[in-house]
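The values are calculated or read from the model by the stated rules, or taken from the named source; none is laboratory data. Fair warning: this is a prediction, and the values are worked out from it, not measured in the lab. Counting neighbours? That spans all protein chains shown, and the Cβs are built from the backbone with ideal geometry, glycine included. What goes into the accessible areas is simple: the full protein's heavy atoms, side chains included, and nothing from ligands, DNA or RNA. Shrake-Rupley method; radii C 1.70, N 1.55, O 1.52, S 1.80 Å.
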Amino acid sequence: MKKVLIVVALISSISAYSQKFNKLALTPPMGWNSWNRFACEVNEKTIRQAADAMVSSGMKDAGYQYIVIDDCWHGKRDSLGFMHPDPAQFPSGIKALADYVHSKGLKFGIYSDAGNHTCGGRPGSRGHEYQDALTYAKWGVDYLKYDWCESDNLNGIGAYTTIRDALHEAGRPIVLSLCEWGQNKPWKWAAEVGHLWRTTGDIYNCFDCKFNNGTWFAWGAMKIIDMQEQDTLRKYAGPDHWNDPDMLEVGNGMPVNEDRAHFSIWCMSAAPLIAGNDLKEMPSTTHDILTNKEVIAVDQDSLGIQGFRQSKMDSVEVWYKPLKGGDWALCFLNRGVKATNFEYDWTKQVITDDVAKLKLDFNQKTYGIRNLWTKKTLGKTDKVLKASLSGHDVLMVRLIK
Ligand code: GLA
């Protein structure tokens, strides 16, 4: 009897620690990360300025929360193995920086790697997972992006479960963002481990190109969204566990129509919205894309259903996403470079969503159509929609019950 009790006590104490922190990401996380714009040129000033601009630009009001330092903040481990930031880049230390970010009403994120080194060649967490988790908790970290460089002999599920358990034992609720580029099919197992997982390799700041980094490719926004295989992967995503097609390149140099299309499709995909531009030097066109609350509301919809590419008319893809309460978001995406005119006869469409188990039949119900970029009403679904789209652009609407 005594033995049985000990075993039961052991099992329950293990299970009390073997879990992720639940309900930290009931909608896709929103924030900013240093990598896409600053790469390794990052220091405490960059991060403070991003936090300041997040508030003053209205991004915080639009829902962005996390300020995340990506790679290259690391200095050396001390004689006991505890990690310290690079003293030249972060002279005031990470705790002071996290306090500053928190004082702005924002949350603070950091980056590490499951291997011996990060992709930028700084010390990784391998063999120091519990120590690093303790350090992050002590510093006041709220979000950890955990990368996959130098992972050759590691087991994906094992490595990410170890850091999950370490974070849990350290006791501070921290969002865990898995970044293993889809290599171990995280959609199949990571809902129990983290809150979001990358589905592909790295994004590159272009609409539809691929960029050769020598030993690996980075991918334009459209390539990423095609690689994410919407149809097969969307069923794995939902509140607290999201497919992550990588961070945003909005404001990093694409023309405004391409930025708008990139942002729209990320919102249709219930993707995490992690801005990657220089927030303090944001032109109004970039600002207006990143802070469009009606488009963001599609991404952040509490139903948490990832949208899908439903059909294609020549160069125009038609994307649907069901929303809470019976509305739907719809996005016409022109993948071609040429402008195009098209007609959309609602009465000929019956939309079935096998994941959400919902059906949309415009012969049964008429919806109002609201253009989410121009904020104008486009009539109702009882009349054929006639629209023109420039190349690499979208018409994104909300169908209102
Ligand atoms: C990998 C990740 C990127 C970024 C870099 C940093 O490539 O996928 O998002 O974090 O490492 O070195």
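With Cβ to Cβ distances under 9 Å as the rule, what net charge do the other residues near S315 carry (K, R +1; D, E -1)? Write out the running numbers ahead of the final one.
On the way: positive: K312, R335, K338; negative: D314, E317.
Cβ neighbours under 9 Å give a net charge of +1.
Estimated at the nearest 10 Å², the accessible area of K380 is 120 Å² with a 1.4 Å probe.
Compared with the dominant principal axis of the Cα atoms in the chain, helix 129-139 is inclined by about 80°.
For G182, the shell of other residues with beta-carbons less than 10 Å away shows a net charge of -1, using +1 for Lys and Arg and -1 for Asp and Glu.
Run the numbers for V256 and A387: contour at 0.36 nm per residue of separation, minus the present Cα-Cα distance, in nm. Write out the running numbers ahead of the final one.
Details: separation 131, 0.36 × 131 = 47.16 nm, distance 1.93 nm.
Residue separation times 0.36 nm, minus the Cα-Cα distance, leaves 45.2 nm.
Which entries in K23/K95; K223/K380; K188/K348; K60/K357; K23/K348 show an alpha-carbon gap greater than 30 Å? All intermediate terms of the calculation are to be shown ahead of the outcome.
Working: K23/K95 25 Å; K223/K380 33 Å; K188/K348 36 Å; K60/K357 34 Å; K23/K348 40 Å.
Too far apart for the 30 Å limit: K223/K380; K188/K348; K60/K357; K23/K348.
Listed by chain and number, the aspartates and glutamates whose C-alpha is less than 13 Å from the C-alpha of K386, apart from same-chain residues fewer than 8 away, are E343, D345.
Only one residue of F362, W346, L323 has its Cα farthest out toward the positive end of the dipole of the stretch 319-370, where Lys and Arg carry +1 and Asp and Glu -1 on Cβ, and that residue is L323. Element breakdown for the chain at a 1.4 angstrom probe: carbon and sulfur atoms account for 52% of the accessible area. Fully extending the segment from K188 to W216, taken as 0.36 nm per residue of separation minus the present Cα-Cα distance, adds 7.6 nm.
Close amide H contacts of Y66 (hydrogens built in the peptide plane, cut-off under 5 Å, sequence separation of 5 or more or a different chain): M30, G31, W32, K107. Using the 1.4 Å probe convention, the accessible area of the chain works out to 42 Å² per residue with neighbouring protein chains retained.
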